[in-house]
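Everything on this sheet refers to the single structure shown next.
The values are calculated or read from the model by the stated rules, or taken from the named source; none is laboratory data. Here the structure is a predicted model, which means the values were calculated and not measured. Please note: Cβ atoms are built from the backbone with ideal geometry, for glycine as well, and neighbour counts cover all protein chains shown. Note: areas computed on protein heavy atoms with side chains; ligands, DNA, RNA excluded. Shrake-Rupley method; radii C 1.70, N 1.55, O 1.52, S 1.80 Å.
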Amino acid sequence: MAKSAGAAEAAAAAKSSFDVVDVDVVVVGAGFAGLYMLHRLRGMGFSARVIEAGKGVGGTWYWNRYPGARCDGESLLYSYGFSNALQQEWTWTERYAGQPEILAYANHVADRFDLRRDIQFETRVTAATFDDAGGTWQVETDRGDRLTARYVVMASGCLSMAAAPKLPGAETFTGQTYHTGQWPHDGVDFTGKRVAVIGTGSSGIQAIPRIAAQAKHLTVFQRTAQYTIPAWNGPLDPRTVEEFKARYPEIRTAQKNSFNGNNTTFKHAETFGVTAEERQRIYEEAWQKGGFVFLATFADLLFDKSANDTVAEFVRAKLRSIVEDPQVAELLTPKTIFGCKRLCVDTDYWSTYNRDNVSLVDISSSPIERLVPEGIVVAGKTYPVDAIVFATGFDAVTGALDRIDIRSTSGGRLKAHWQDGPRTYLGLAIHGFPNLFTITGPQSPSVLTNMMPSIEYHVDWISDCLAHLRHTGKRRIQARKEAEDDWVTEVSRLADGTLRPQCNSWYVGANVPGKPRVYLAYVAGIPPYKKRCDEVAGRGYEGFVLA
Ligand code: FAD
Ligand code: NAP
């Protein structure tokens, strides 16, 4: 829609920054990926501008301020490793840091490395066009900026585009609505309120116990029951922190080479290689440790359905021992493959359903019909509520890229190239779109790993690539079509060899109506992925055309 002259003027007057800019690199997004990318580019002497839609840095941790939001990778590992000084001076206080602490860390990084002066906030990139003749990108924003850059790096996030269902009658609802991924910065007070939460993924599972503790009544609308493992969160022992700090360099190296960036190793190869009693003991030990270690008990859990059934049943039995009402326990019992949807990590989730002020509505067979002024209608029954929290997730991995009109004069539109699902080379580059890089892009390990080492690896790989281009006097790099085709095939083949694509999750785009069903990440883990990317670079960027 065309902006009125008045609105455009007001926007221009309000902004403190540039209109026309010519830089070496435009970076989209100022989350952890964009911040580190900018730091590396500066260090190499490239001029760069970061464009960020939010008012501040931090990305995920800027937007997701819902009650209970925290990381579920351990704080000591869910942090940057690129600067030893940084990791020595910053001290995490909890095993799993809360959103305010992680956001404070992102701000500390921005200040410490003086990053803000090259970041333009409250500005959304709307279009990016590569001009083949000139060999440059033209980047446009919703505030009328035009930036020219040789390279564009998309640090726009895998989980940055909130998704909510379009419910009939939504406009008639007289209460408040919220999305966990776009939470008000001043917080929300649910005291005395009847609240609905729709969605029981990681966000819902974190928010539900906290909202239940405050609201007059909480009604949870659940479409698919989820597996969740206790976090056993708590303050970090100062001795543990000191031990980590003393060994950080070696810990970071191990992280970068571990299967999922969390330094967990599979305890056993085969589920049925041990007795049933031993298996039970191993699961119990993992339960007592809490968190993602469950997926590292047996290496075949996500390959062999009968192996998976053993861990699924262990967790279901835990649920039955926690939830007092057998009917509620039955509704909460996950029936899907364990770990197929992203595993959740919680604090007091299932026990919350023992509270008198919490009720559960199963919408698996009867979806929400509509909203009415006083609440939510399911199967002809109205549930009156004052506020609705959509914990319904994100248009993941491709969502932020799809919302920018990315084109090249020879390659056409990215949307058209991706109409049957994303196509990339290594999750880093796209055929037809020269000089464009994606950090933790589709078809890389990204969302199946601790994102921090994966972000750092991609930023370092891209930085080395730009340095190589400069050193060799090249000004253009593009993925070859055959290399991209082979990578797309390889990523699908690997996913299809596991149980992972078999459930309806955001990993396959199933949560967004009309999104092509494609497994969005590389499933074989960091070591083979990193080996491949290192080899590609080592062979002079094999699979790319450098011109
Ligand atoms: P983001 O943090 O998403 O930042 C992308 C930025 O790009 C955003 O600020 C966005 O506003 C901006 N942007 C997007 N499009 C545009 C545009 N067109 N113009 C301008 N700006 C744009 N990962 C883990 O490894 N461990 C965890 O425990 C963990 N917990 C999570 C908890 C939540 C609630 C969520 C939602 C995700 C979690 N993740 C976790 C994943 C998390 O997204 C990554 O760990 C990491 O923060 C991603 O950083 P990023 O910079 O790549 O992307
Ligand atoms: P999510 O995992 O996609 O969960 C969304 C929930 O909403 C699901 O229960 C889904 O049901 C439900 N839902 C979606 N559309 C619906 C509809 N139309 N009607 C009814 N229910 C609907 O989203 P998320 O919880 O925000 O998490 C997304 C990802 O962010 C996580 O997987 C994780 O990677 C990251 N995250 C991490 C943490 C953490 O602990 N560190 C916290 C939050 C998020 P179905 O299952 O039936 O689709």
Go through the stretch 426-445 residue by residue and tally those that are out of contact with any Phe, Trp or Tyr (no Cβ under 8 Å at 6 or more places or on another chain) and over 22 Å from residue 410 (Cβ atoms). 2
Of the residues in the stretch 343-369, those that are within 27 Å of residue 234 (Cα to Cα) and buried (at least 17 other Cβ atoms within 10 Å of the Cβ) come to 343, 344, 345, 346, 347, 348, 349, 350, 352, 353, 358
Pairs, first farther than 16 Å from residue 158 by Cβ in the stretch 449-467, second among the charged types (D, E, K, R) and away from ligand 2 (no atom under 16 Å from the Cβ), C-beta under 7 Å, six or more apart: 463/40
Inside the stretch 374-401, the number of residues satisfying the requirement of being without any contact (Cβ under 8 Å) to a residue 24 or more places away in the chain and either closer than 30 Å to residue 442 by Cα or in a loop (DSSP other than H, G, I, E, B) (or both) is 2
Among the listed residues 523, 518, identify the single one that is within 30 Å of residue 463 (Cα to Cα) and touching a helix residue (DSSP H, G or I) at 6+ places or on another chain (Cβ under 6 Å). 523
Residues of the stretch 154-169 being outside any loop (DSSP other than H, G, I, E, B) and surrounded by 24 or more Cβ atoms within 10 Å (Cβ to Cβ), in sequence order, are 154
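Please enumerate the residues belonging to the stretch 488-547 that are of a type in the set (Ser, Thr, Tyr) and assigned to a helix (DSSP H, G or I).
489, 492, 507, 529
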Collect the residues in the stretch 57-116 that are in contact with a His (Cβ under 7 Å, 6 or more places away or on another chain) and touching a residue at least 40 places away in the same chain (Cβ under 8 Å), keeping them in residue-number order. 65, 113, 115
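Filter the stretch 250-273 for residues that are part of a loop (DSSP other than H, G, I, E, B) and surrounded by fewer than 16 Cβ atoms within 10 Å (Cβ to Cβ) and give the result. Give the steps one after another, and end with the answer.
Going residue by residue through the stretch 250-273, those that are part of a loop (DSSP other than H, G, I, E, B) are 258-267, 269-270.
Result: 265, 266, 267, 269, 270.
Per-residue answers, yes or no, for (1) open to solvent by less than 20 Å² (accessible area, probe 1.4 Å); (2) modelled with pLDDT under 95; (3) within 16 Å of ligand 2 (Cβ to nearest atom):
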residue	(1), (2), (3)
456	yes, no, no
471	no, no, no
478	no, no, no
487	yes, no, no
497	no, no, no
522	yes, no, yes
539	no, no, no
All conditions in (1) crowded, with 24+ Cβ neighbours inside 10 Å; (2) touching a strand residue (DSSP E or B) at 6+ places or on another chain (Cβ under 6 Å) are true of residue 390 except (1)
Tally the residues that are over 14 Å from residue 116 (Cα atoms) and more than 16 Å from ligand 2 (Cβ to nearest atom), restricting the search to the stretch 54-75. 0
Within the stretch 502-516, the count of residues that are more than 16 Å from ligand 1 (Cβ to nearest atom), open to solvent by 30 Å² or more (accessible area, probe 1.4 Å) and touching a residue at least 40 places away in the same chain (Cβ under 8 Å) comes to 4
Among residues of the stretch 205-249 being under 25 Å from residue 74 (Cα atoms), small (Gly, Ala, Ser) and not in a helix (DSSP H, G or I), the residue farthest from the chain's Cα centre (by Cα) is 234
In the stretch 346-404, the residues that are under 20 Å from residue 334 (Cα atoms), within 16 Å of ligand 1 (Cβ to nearest atom) and among the small types (Gly, Ala, Ser): 391, 393
Flag if residue 407 is modelled with pLDDT of 95 or more and away from ligand 1 (no atom under 16 Å from the Cβ): no
So which helices (runs of 4 or more DSSP H) are wholly in the stretch 1-116 and hold at least 1 residues that are crowded, with 17+ Cβ neighbours inside 10 Å and modelled with pLDDT of 95 or more? 32-43, 60-63, 84-89, 99-112
